[in-house]
Amino acid sequence: MSVRVPLTPVALLAVTLALGACSRDRADEHVAAFARLPDWSGVWVADGTQVNIDGLTPTDPAAAAAPFPETMVFSQDIPWNDAGRAKVDAVMAATHGDPGINNRSGAGGWGYPLMMSGPAPMQFIVRPEVTLIVNPYRDLRLIYTDGREHLPAEEGWPPTTWGDSVGHWEADTLVIDTIGVREPDDYQGIAAPFSAQAHYSERLRRTAPNRIEGEMVVEDPATLTKPMMVKLAYVPAANMDRMIYDTFTNNRSGFDGEFNTIEVPEK
Amino acid sequence: MNKKNCRAFPGLVLAGTLCAGTALAHHSPAMFDDKQQVTLTGTVRVFQWTNPHCYIQLQVRDADGREEEWSLEMGAPVYLQQQGWRPATVKTGDQLTVTISPLRKQGEHKGGLLLNAIGADGKPLGKPTGKTL
C-alpha cells in the first residue's frame, strides 16, 4: 500500500528548483568538458599527399620523391617477417606487381590504417565522449574516449575494416588504441597486408594552427619482426569550405585482363 | 628511407612516378601512358562530377575532320575541389584545350588521364576560393 503525500506549493517549488539546479550542473559539466578539448575543427589532409586534378600527381613536386607510407604494400620500410614477406610476394605475384587492380571489386575507400596516410581529406569531430574521424570515401573511425574498454573478446565480434578503437586524452594529445582490424589488403589492394591480430597505437596532437602531428605504432608479430612506427602529419586542406560526401555513382573503371579501362558513358 | 625507396619497386609499371599520394588512387594508373602527353582541343559534351572519378567527355576533330569523343578521366571531386574546381567549372559546350596522358591501349573509344585544362580565355580552369572550413 502506498501513501500519497500532497505536494504543497512550497514543496513543488523546492523540487522544481532542485531539478533545475541538477540540469544546470549537467549543462555546466558538459560545457566544461568541451572547453577542455583542443580545437581540431576544419578539413585536414595528410601532408604531402595533395594531388592535382588528375588525382595522381602531387601538387608539391618534392612529394613525388617521398617514400611510400608504411601503411602501403609498396613501402620498403616495413620490417616484414617471413610470413609477412610471403603475403606481400603473393599479392605482387597475383597482380603482376600492380595490386591496385584488386580494387576493381569496388572498395569505396582506403580502410584503416591506410586512410590515415592517404590523400583523402579528413575531419576530426571531437567530443568529450568520442572522436569521429571521417573522410569523403566514408571511411569512418569512432574513437570512444568515455573510459570504455575494447569490445569484450567473449562476445566474439569479428574484425572490421576500421577496427575497434578506444582512446583517452593526455592534455591535448589524443591517445588511440585500435584492434580488430581486418587484413587491410582485403579491402584496399594497395594496403600493407598486416594480420587481423595487429595492434595499432596512435598519438595525435595539434602542434600548430596549421598542423596536426602524431605517430602510429603497428605491432603485429604475425607479419612483422618488430613494432613499426608510422609518422603522421596533417595540414589544412585548401579550398575546402565544406566536405561533400557521396557514394560511387559512376564507376566507369573496367578491366581488360591486363589494364583498367574507361568504360563508355551511359549517356 | 630515401628516394630509391619509392622508385625501385619491381614489377610496378609506373614505379618511376608512383610515390606517396600518386599511388593512392581508386584503381591502378598503369592503364595510362605517363611517358606521353597529348594536347587536344574540343567541345565539352558533358562534365561528370562524380565518384570515384570525374570525367570530361570532349568532342574532338581528328586529322581527317571526323569528330570523335574522348573520355578524359580526372581525380575524384574532393581532389578537384581542393584545386578550386566546382561542379560548374566546366559546362556543356565549353571550348577546352587539354593535356592528357593517353590510355596505353586505345580502342575505338578514345580516352586518357586529364592533366590540365585551359579554357577559351586561355586561362587554366579552377579558381581557388581561399576558403576553408
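The values are calculated or read from the model by the stated rules, or taken from the named source; none is laboratory data. All values reported here derive from a predicted model rather than from experimental measurement. Cβ sites come from the backbone with ideal geometry, for glycine too, and all protein chains shown count toward neighbours.
The single residue among A:A192, A:A196 that is in the same structural domain as A:P58 (by TED's automatic domain parsing) and over 19 Å from A:T49 (Cα atoms) turns out to be A:A196. If you go through the stretch A:13-69 and keep only what is part of a loop (DSSP other than H, G, I, E, B) and more than 14 Å from chain B (Cβ to nearest Cβ), you end up with A:R36, A:L37, A:P38.
Inspection of the stretch A:233-250 identifies no residue that is of a type in the set (K, R) and modelled with pLDDT of 95 or more.
When every residue of the stretch A:154-169 is checked against the conditions, none turns out to be assigned to a loop (DSSP other than H, G, I, E, B), buried (at least 20 other Cβ atoms within 10 Å of the Cβ) and free of Cβ contacts under 8 Å to residues at least 40 places away in the same chain. The set of residues in the stretch A:212-247 being away from chain B (no Cβ under 14 Å), out of contact with any Lys or Arg (no Cβ under 7 Å at 6 or more places or on another chain) and of a type outside the set (D, E) consists of A:M216, A:V217, A:V218, A:P221, A:A222, A:L224, A:T225, A:K226, A:P227.
Restricting attention to the stretch B:98-117 and to residues that are of a type in the set (D, E, K, R) and more than 7 Å from chain A (Cβ to nearest Cβ), the residue that is surrounded by the most Cβ atoms within 10 Å (Cβ to Cβ) turns out to be B:K110. Among the residues of the stretch B:118-133, just one is among the small types (G, A, S), within 9 Å of chain A (Cβ to nearest Cβ) and surrounded by 15 or more Cβ atoms within 10 Å (Cβ to Cβ), namely B:G126. The set of residues in the stretch A:222-241 that are closer than 26 Å to A:V134 by Cα and not in a loop (DSSP other than H, G, I, E, B) comprises A:M228, A:M229, A:V230, A:K231, A:L232, A:A233, A:Y234, A:V235, A:P236.
Candidates are the residues of the stretch A:253-267 that are more than 7 Å from every other protein chain (Cβ to nearest Cβ) and within 21 Å of B:V46 (Cβ to Cβ); the one that is modelled with the lowest pLDDT is A:K267.
The set of residues in the stretch B:31-50 that are within 12 Å of chain A (Cβ to nearest Cβ) and within 14 Å of the chain's Cα centre (by Cα) comprises B:M31, B:F32, B:D33, B:D34, B:Q37, B:F47, B:Q48, B:W49, B:T50.
Among the residues of the stretch A:79-96, are any more than 7 Å from chain B (Cβ to nearest Cβ) and under 25 Å from A:P121 (Cα atoms)? No. Across the stretch A:214-252, the number of residues qualifying as among the small types (G, A, S), touching an Asp or Glu at 6+ places or on another chain (Cβ under 6 Å) and within 23 Å of B:P52 (Cα to Cα) comes to 0. Set side by side, the residues A:R211, A:R148, A:R203 differ, and just one is closer than 30 Å to B:T50 by Cα, modelled with pLDDT of 95 or more, surrounded by fewer than 21 Cβ atoms within 10 Å (Cβ to Cβ) and out of contact with any His (no Cβ under 8 Å at 6 or more places or on another chain), which is A:R211. With respect to B:Y79, is the statement that it is in contact with a strand residue (DSSP E or B) (Cβ under 7 Å, 6 or more places away or on another chain), surrounded by fewer than 24 Cβ atoms within 10 Å (Cβ to Cβ) and within 8 Å of chain A (Cβ to nearest Cβ) true? Here the answer is no, as B:Y79 does not meet what is asked.
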